[in-house]
Number of protein chains: 4
Amino acid sequence: MYVFRVHNAETGPSRVAGLSDAVFAVAITLLVLDLRLPDLGSQQTEARLQAALLAAVPSIVSFVLSFVVIALYWVSHHRLFQVIRRYDRRLLLLNFAFLLTVCFIPFPTGVIGHYGQLRTAAIVYAGSLALTGLSLAVLWWYAAVQPAPRRGPEWRAARHFMSRALVTSAVFIASIPVILISPALGEACWSVALIAYFVLARGLDRQADLRERS
Amino acid sequence: MYVFRVHNAETGPSRVAGLSDAVFAVAITLLVLDLRLPDLGSQQTEARLQAALLAAVPSIVSFVLSFVVIALYWVSHHRLFQVIRRYDRRLLLLNFAFLLTVCFIPFPTGVIGHYGQLRTAAIVYAGSLALTGLSLAVLWWYAAVQPAPRRGPEWRAARHFMSRALVTSAVFIASIPVILISPALGEACWSVALIAYFVLARGLDRQADLRERS
Amino acid sequence: MYVFRVHNAETGPSRVAGLSDAVFAVAITLLVLDLRLPDLGSQQTEARLQAALLAAVPSIVSFVLSFVVIALYWVSHHRLFQVIRRYDRRLLLLNFAFLLTVCFIPFPTGVIGHYGQLRTAAIVYAGSLALTGLSLAVLWWYAAVQPAPRRGPEWRAARHFMSRALVTSAVFIASIPVILISPALGEACWSVALIAYFVLARGLDRQADLRERS
Amino acid sequence: MYVFRVHNAETGPSRVAGLSDAVFAVAITLLVLDLRLPDLGSQQTEARLQAALLAAVPSIVSFVLSFVVIALYWVSHHRLFQVIRRYDRRLLLLNFAFLLTVCFIPFPTGVIGHYGQLRTAAIVYAGSLALTGLSLAVLWWYAAVQPAPRRGPEWRAARHFMSRALVTSAVFIASIPVILISPALGEACWSVALIAYFVLARGLDRQADLRERS
């Protein structure tokens, strides 16, 4: 924007990528803070500790789920910054909007860890993670899809990643009617979707890879 | 200061920028820790969870507000380290003074999130964020305005960013008399100021851009 | 995977190493959050504070123990990324699986800090840290042992580090029967093993070093 | 230690410096977590919030004090990694021992913030920060003083920084007898010492600078 002489090699995209990584790292690690056991008070027996650990299992499951989803979003964000084509003021804003949704994740994770049997908790969680996926898709569109030559290989690859972020979002939104029937069923949907993701993504990557080469 | 032979490429400004980014990243992510729901105890019903979530809305609003303000300060700090002209012991101290005010932000954010209807809370918040803006303006002055050739393009650009930090500060200070009439009105002022910022900053950037080119 | 033009120098392994370091740094520092004293209420006397500090000693011991183990794992991970031979999608997944176990460590550390006299707590801790060691060994195997020319010097060196991670894991698993007899004895085992590690590792390194040179 | 082919530019000292910076950044920012206000319950009046904020002042003072001391230690550590002369397994261990004491600081900061009027709290704080200074001095000795050519300019400069770390340590140890008379007097000593440090350090630097040039 300004014609400053830049004295410092670590400029622009790489420092933003660094800040984003740090935010990801802190957000992913703060998830563990929700896993505290209740104070057992004076009756510290094996049985009571085992009961407290068992009661913490849903929190641990939601910790792992949020960890995996944040990791997937990080991988996508990591790729984006390798191929970024447009870096300006608006990209910074969109990136901060995305990071805001990432920073927020420990909150719905805590809610679903404690009250996972309630519909409200599952909907808050699904809504929050859908928002993260959506803002990641917008980021891909703005920084890599839109500025690339239309229908060229970079454009197609960037669209592939944008679609993936949208699909993650869509899965969380699609789970909301299921949650209204049964929160446990909705939560099962997410796990099924994650496993499907790992299986399908491999296939899609291979296809895309082949298409690139031909 | 010393004529050491430097063995390591990652020296001076870029490592300080790295440390500052890490502090920003942690401070911005710690904001979420204030968003815990109260323990619902044994009566875990949809209605009670919804009430607890509704009660958390002011905390979420102050989380978003602090996130946006920290992000704006980061963008300014990020630019400063791209154009830094003076890097010495005193800059390190001024930078740490600035980081101290950044690290502190989760505290007033928690206060206003819980007691936002009280004047005291709103004043503590406004005062704390005004201090952050002020120390950022001092940093710009020391590292980029004062050492630049007077009235040259770099000097004018650096002054532009210093003024912006001062304006943010001034908005928070100016909101204090409004808070004394009504805390809600004062808090509304900040949102209006933020929106005005995004609209005006674009215009100012364009003007400054034109002036640079001519 | 895609033939993108890469605009950014900070690519691939070094950004993953950076993210991993940030996760390590946060996880290792969050351990301290479990060291809060109970509220002494209105009776704030020297004797009561001293009693509370004495009661915190087991938590401090488990803080130091987890710190040392995480530091050892970091050193190994740090070496791995200096010599990494295979960097692909699967490596990213294995690295995230490893980071998941690292992020989790503050939880069992808190459990053993508060309930260290119970067998359940010691087993949870041993199991969790064994899992971390195991996933680090898998990471070494995949990224450095398997892709290296068989029986060459790099292969032997990578196997040496993989074995060390496995040994750490084995020590924690082997301590479980000891814990069943007495948790205190099991915890003593870990300290003995750590000291043995520092003594033996030096010897092994020197041997390996000599073998390299000959 | 091993004759690996190194594939990655970001090796050795700079990645250790990065990890250390991240630990510093997290530790310095976690200090704020101790500044939570007590729950005011249902009686949320201006007077009660002001009383709660006043009661938090000692915690804020200890937050600022710890922030300043950690910042000073960071500046010293930052310089050390610019001039590091020996980088081996033992340096890694000494650096982790130093980081352990840095990570620990939020704990004594919390103790003195809540129970600053008790001798025990002040002694725990002084002892903890003395230990940090001591381990930093050892780090300087091992990595920069001992391996430098004796009595050369680098040796003298490194000794200067080692001495400073020792002096910080000595001030905290020397304050312990004062604390035994009055904790408030001991805490005043630290502030006086800090101000003296900023005044004297400038003088010493100028002297050392002159000596270098002559």
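We did not get these values from a lab; they are worked out from the coordinates using the rules stated. Remember, predicted model here, so these are calculated numbers, not experimental data. Here Cβ is always computed from backbone atoms with ideal geometry, including for glycine, and neighbour counts include all displayed protein chains.
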Angle between chain D longest axis and helix D:183-213 axis [Cα atoms, degrees, rounded to 10]: 30 degrees
Shielding by partners - mean other protein chain Cβ count within 10 Å, residues of B:83-93: 3
Rounded to 10°, Cα long-axis angle of helix B:119-140 versus longest principal axis of chain B: 10 degrees
Residue-averaged beta-carbon neighbours from other chains (10 angstrom radius) around C:29-41: 6
10 Å Cβ neighbours from other chains, averaged over peptide D:103-109: 5
Protection-proxy order for peptides B:49-61, D:33-45, each taking the mean of Cβ atoms within 10 Å per residue, highest first: B:49-61, D:33-45
Ascending count of other beta-carbon atoms within 10 Å, so fewest first, for C:Val32, D:Val199, C:Val138: D:Val199, C:Val138, C:Val32
GNM flexibility winner over chain A from A:Ser128, A:Ser163, A:Ser62 (Cα, springs under 10 Å): A:Ser163
Cα shape, the stretch B:72-156, gyration tensor, a/c 1.5 rule: prolate
Exposure proxy ranking, count of Cβ atoms within 10 Å, fewest first, for B:Ile195, C:Ile123: B:Ile195, C:Ile123
Hull volume in cubic angstrom per residue (convex hull over the Cα atoms of the protein assembly as shown): 186 Å³
Percent RCO, i.e. relative contact order, over chain D, from Cα pairs under 8 Å lying at least 6 residues apart: 19 percent
Dipole of the protein assembly as shown [Lys/Arg +1, Asp/Glu -1 at C-beta], most positive-end residue of D:Ser59, D:Gly18, A:Val83: A:Val83
Full-stretch length increase - D:Ser14, D:Leu93 - with 0.36 nm per residue and alpha-carbon distance subtracted: 26.9 nm
Nearest-ten-degree value, helix A:57-83 long axis tilted from longest Cα axis of chain A: 10 degrees
Zone residues, the stretch D:162-187, relative to C:Thr45, backbone N less than 15 Å from point 7 Å out along Cα-to-Cβ: none
Coil-residue trypsin sites (Lys or Arg not before Pro) of the stretch B:97-153, DSSP, other Cβ within 10 Å capped at 15: B:Arg150, B:Arg151
Residues D:Tyr142, A:Tyr125, A:Tyr115, sorted so that the one with the fewest Cβ neighbours within 10 Å comes first: D:Tyr142, A:Tyr115, A:Tyr125
For the stretch A:12-213, fraction of C-alpha pairs farther apart than 27 Å, in %: 37 percent
